[in-house]
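Chemist: Once you've had a glance at the structure underneath, I'll fire off some questions.
The values are calculated or read from the model by the stated rules, or taken from the named source; none is laboratory data. For clarity, every value in this text was computed on a predicted model and none was experimentally measured. All Cβ positions, even for glycine, are placed from backbone atoms using ideal geometry, and neighbour counts span all protein chains on display. Quick note on the areas: whole protein, heavy atoms, side chains included, nothing else; ligands and nucleic acids left out. Shrake-Rupley method; radii C 1.70, N 1.55, O 1.52, S 1.80 Å.
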Amino acid sequence: MQAPFSRIVPGSVVPPTLRVESESDDLRQDLRRWLRNNDPGPEPFEYEARMAALTRWQRQLHRAGFIGLSWPTEFGGGGMGLAAEAVLCQELATTSMPQLINRLALYTWGPTILSLGTPAQKARFLPGMLDAGEIWCQGFSEPDAGSDLAAVRTRAQVSGDVLVVDGQKVWTSRAELSKWNALLVRTDPEGVRHSGLSVLIVDMESPGVTVRPLLQMLGEPHFSEVFFEGVEVPLENVLGGLGNGWDVAMEAMAYERGLFVLERTTGLRRRLADLVDRLDELGKIENAVASLGVLESKLDLLDAQVFRTLAHQENGTLVPGSSSVDKLFLADVYQDIFATAFDHLSGDGLDDGWIHDLLESRSVSIYSGTSEIQRNVIARRLLGL
């Protein structure tokens with residue numbers, strides 16, 4: 001009988017190895033030196049000021065040559081492999097440096113356009129991603145189609161050389177800052193479920209686009225509702241061809257999980273170390289040793305899984321849906337770490353930072369596809385159940 005997980009890796013249970021360039025060690029040292037000399041200091045607390053600071057930060061990294069390391073040189077990249085991107089993710093997270101504000105573009109839609117875009121689309125959209133000159137968001141979820149992307153009802157009708165879009169999206173991250181929206185719409189009204197969908201690159205400054213920010217319990221408008229009323233989108237902004245939206249979306253989701261999960265995993269490892277130090281200071285470490293050991297083991301497993309995903313991405317062998325394993329496991333480990341912190345620090349050890357992270361951890365099992373949906377994807381696509 002075939003081992004269940006052999007279906008995840010075509011032809012073998014042994015994953016490919018991520019290609020590590022000889023420059024990777026030099027890159028890591030160069031990046032560490034640069035970070036020591038260019039520490040931006042604490043992020044502003046006020047939301048708008050923080051977003052402006054994050055934009056400046058990515059622009060600085062781009063000028064220094066650290067953004068788009070795996071992209072082709074003709075599009076402003078470094079011409080290296082995904083191992084170089086992994087170095088950047090790890091070093092930024094390990095040193096608690098600010099995140100990349102345009103990472104949705106860098107990690108997801110840049111690679112998707114490089115794979116599926118026309119020459120004109122590559123020339124137009126890629127440069128602004130690198131220096132954060134043009135922020136991207138993603139219009140997938142809808143009020144009645146959260147994680148069930150095949151149920152989207154936002155429509156786009158061809159009218160001459162444009163598509164006219166009408167509908168609504170919700171939970172759109174950074175919509176209020178974005179220039180471009182990778183929008184999943186139904187272009188064939190007769191299409192059922194996965195058929196008849198298309199991905200459009202929509203200018204968020206177009207007439208008929210309305211953004212309404214949604215305040216989270218942290219008091220920040222990270223998410224928004226976005227309304228489209230008669231919004232005209234040039235046909236040349238269809239990504240991957242009309243009617244191919246489901247395949248485009250699935251390829252984009254595969255890219256989204258790799259580097260993003262690695263970045264989060266590295267950050268969680270640093271927070272686990274912070275927890276160990278805090279418990280040691282309070283004299284509570286002895287009662288937490290078993291729990292901390294389990295968390296460390298889970299992070300090791302998550303590291304191995306995400307590098308396996310990156311290797312498949314680089315080799316072009318990533319099975320659609322397989323990165324759902326990464327997302328599901330990330331949510332589990334993320335919430336476990338901060339629940340453990342709450343359990344052992346309650347009383348005299350919890351500060352605002354731990355409470356913030358505990359609250360934020362609840363969102364991980366919801367965004368980018370709920371954990372329930374990820375389990376369905378794994379069961380159906382990977383295990384054939």
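Chemist: Treating each Cα of region 172-247 as an identical point scatterer and ignoring solvent, apply the Debye formula and state log10 I(q)/I(0) at q = 0.16, 0.21 Å⁻¹.
Modeler: Results for region 172-247 at q = 0.16, 0.21 Å⁻¹ read -0.64, -0.94.
Chemist: Read phi for every residue in region 117-124 and hand back ³J(HN,Hα) as whole Hz from Karplus 6.51 cos²θ - 1.76 cosθ + 1.60, θ = phi - 60°, with x for Gly and Pro.
Modeler: x, 6, x, 5, 5, 4, 5, 7
Chemist: Additional query: Kindly give Rg over Rh for region 141-211, based on alpha-carbon atoms, with the Kirkwood expression for the hydrodynamic radius. Please report the intermediate quantities before stating the final value.
Modeler: Values: Rg = 12.0 Å, Rh = 12.7 Å.
When Rh is taken as the Kirkwood radius, the ratio is 0.95.
Chemist: Using a Förster radius of 25 Å, what is the FRET efficiency between ARG375 and ALA150 based on their Cβ-Cβ separation? Nearest 0.05, please.
Modeler: 0.90
Chemist: Enter the angle in degrees (range 0 to 90, nearest 10) between the Cα long axis of helix 23-37 and the first principal axis of the Cα atoms of the chain, meaning the one along which they spread out most.
Modeler: 80
Chemist: Also, quick follow-up: Rounding to the nearest 10 and keeping the result within 0 to 90°, find how far the Cα-based axis of helix 324-345 lies from the longest principal axis of the chain.
Modeler: Roughly 40 degrees between the two axes.
Chemist: What is the Cα centroid distance between region 298-340 and region 242-279, reported in whole angstrom?
Modeler: Centre-to-centre (Cα) distance: 7 Å.
Chemist: Moving to a separate point now. Relative contact order, percent, of the chain when contacts are C-alpha pairs under 8 Å separated by at least 6 residues?
Modeler: Relative contact order of the chain: 16 percent.
Chemist: Ok, one more. Can you work out the base-10 log of I(q)/I(0) for the chain at q = 0.11 1/Å, using the Debye formula on its C-alpha atoms alone?
Modeler: At q = 0.11 Å⁻¹ the computed log10 ratios are -0.83.
Chemist: At 0.36 nm per residue, minus the direct Cα-Cα distance, what do LEU359 and ASN315 gain on full extension? Give it in nm, one decimal, please. Before the final figure, lay out the partial values.
Modeler: Working: separation 44, 0.36 × 44 = 15.84 nm, distance 3.72 nm.
Working it through step by step, the gained length comes to 12.1 nm.
Chemist: Another question, then. Quick one: accessible area per residue over the chain, 1.4 Å probe, rounded to a whole number of Å²?
Modeler: For the chain, the solvent-accessible area averages 46 Å² per residue.
Chemist: What ranking do 264-272, 236-244 get when scored by the average of other Cβ atoms within 10 Å per residue, highest first?
Modeler: 264-272, 236-244
Chemist: Please list the radius of gyration and Dmax for region 209-367, considering alpha-carbon atoms only, with Å as the unit.
Modeler: 19.9, 64
Chemist: Multiply the residue gap between GLU296 and SER173 by 0.36 nm, knock off their C-alpha separation, and tell me the result in nm, one decimal place.
Modeler: 41.3 nm
Chemist: I would also like to ask the following. Along Cα→Cβ, 7 Å out, is where each label goes; now give me the distance between the ones at SER346 and LEU215 in nm to one decimal.
Modeler: Taking the simple label geometry, SER346 and LEU215 are separated by 2.9 nm.
Chemist: Keeping the other protein chains in place, figure out the carbon and sulfur percent of the accessible area of the chain, with a 1.4 Å probe.
Modeler: 52
Chemist: Roughly how tilted is helix 47-63, in degrees to the nearest 10 and between 0 and 90, from the longest Cα axis of the chain?
Modeler: Helix 47-63 and the main axis of the chain meet at about 90 degrees.
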